[in-house]
Amino acid sequence: SQQGEEDPQALSIQEGENATMNCSYKTSINNLQWYRQNSGRGLVHLILIRSNEREKHSGRLRVTLDTSKKSSSLLITASRAADTASYFCATTKYGNKLVFGAGTILRVKS
Amino acid sequence: DVKVTQSSRYLVKRTGEKVFLECVQDMDHENMFWYRQDPGLGLRLIYFSYDVKMKEKGDIPEGYSVSREKKERFSLILESASTNQTSMYLCASSFSFSLPNTEAFFGQGTRLTVV
């Protein structure tokens, strides 16, 4: 069963705009991670936020975590065409068993 | 850099064939995973292994088995390939359960078509 559910399923924005993707999950977690996948390739880790953290930044990425609502958001600021990809949230519950959601397809138009 | 290598990028097999997908990692990771990815369904965990010869079923293990005889290598086996196993298969690895907040590293994926 999938733990994380991303929203929206697809997002199309202009270059320079901000992109926000949301993730909801069902049970308690150790941490939540965000990954990016370029078309037809493997996934690349973007950022990890622990269950006792509320916000984390990495370059143009900002991740928030609300454990009371069982939700997280990924904000990409000043988007670029190269940010076009699928984005997945993943949670760990038992050790490092990673459970993924269905993903958000982001398209950044130049 | 961590490297996770899957033996094939594209594979075409016939229904009923036994299929082996191989994955090798070079970072001495304890955990290794096999996922399949289908449009609209995201990544679904087939099996994972947390040590040599140790394995646990994921969410969709039916029709698959795995083998981990050496720490760096994790094989996914389709005992008798069927058309509904046509998919993208992704291998990943990560450090051990004793380090709970670590990322996973992925291979480039194998796109398997069963005809």
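In the set B:Phe95, B:Phe33, B:Phe48, which member is facing chain A (nearest Cβ under 9 Å) and either on the phi > 0 side of the Ramachandran plot or over 15 Å from the mean Cα position of the chain (by Cα) (or both)?
B:Phe95
Need the failing condition index for A:Asn22 against (1) more than 13 Å from chain B (Cβ to nearest Cβ); (2) without any contact (Cβ under 8 Å) to a residue 12 or more places away in the chain, just the number.
(2)
On the given criteria, is A:Ser1 crowded, with 22+ Cβ neighbours inside 10 Å, among the hydroxyl-bearing types (Ser, Thr, Tyr) and either closer than 28 Å to B:Met88 by Cα or modelled with pLDDT under 95 (or both)?
No, not satisfied.
Of all residues in region B:18-31, which are surrounded by 15 or more Cβ atoms within 10 Å (Cβ to Cβ) and either out of contact with any strand residue (DSSP E or B) (no Cβ under 7 Å at 6 or more places or on another chain) or at pLDDT below 95 (or both)?
B:His29, B:Glu30, B:Asn31
Of all residues in region A:41-54 being assigned to a loop (DSSP other than H, G, I, E, B) and within 7 Å of chain B (Cβ to nearest Cβ), which is least open to solvent (accessible area, probe 1.4 Å)?
Filtering first and then ranking leaves A:Gly42.
Matching residues to (1) farther than 20 Å from B:Ala104 by Cβ; (2) among the β-branched types (Val, Ile, Thr):
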{"position": "A:Ser28", "(1), (2)": "no, no"}
{"position": "A:Asn31", "(1), (2)": "no, no"}
{"position": "A:Tyr35", "(1), (2)": "no, no"}
{"position": "A:Leu43", "(1), (2)": "no, no"}
{"position": "A:Ile76", "(1), (2)": "yes, yes"}
{"position": "A:Ala81", "(1), (2)": "yes, no"}
{"position": "A:Val108", "(1), (2)": "yes, yes"}
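So if I check each of A:Thr20, A:Thr27, A:Thr64, which one is in a loop (DSSP other than H, G, I, E, B) and open to solvent by 10 Å² or more (accessible area, probe 1.4 Å)?
One residue alone meets the criteria, A:Thr27.
Could you list all residues from region A:67-110 that are more than 14 Å from chain B (Cβ to nearest Cβ), open to solvent by 30 Å² or more (accessible area, probe 1.4 Å) and not in a strand (DSSP E or B)?
Listed by number, the residues that qualify are A:Thr67, A:Ser68, A:Lys69, A:Lys70, A:Thr77, A:Ala78, A:Arg80, A:Ala81, A:Ala82, A:Thr84, A:Ser110.
Need the failing condition index for B:Thr15 against (1) touching a residue at least 24 places away in the same chain (Cβ under 8 Å); (2) farther than 24 Å from A:Asn38 by Cα; (3) surrounded by 15 or more Cβ atoms within 10 Å (Cβ to Cβ), just the number.
(3)
The values are calculated or read from the model by the stated rules, or taken from the named source; none is laboratory data. All values derive from a computational prediction rather than experimental measurement. Quick reminder, even Gly has a Cβ in these numbers, built from the backbone with ideal geometry, and neighbours come from all protein chains shown. Heads up: the accessible areas ignore ligands, DNA and RNA and are worked out on the full protein's heavy atoms, side chains in. Shrake-Rupley method; radii C 1.70, N 1.55, O 1.52, S 1.80 Å.
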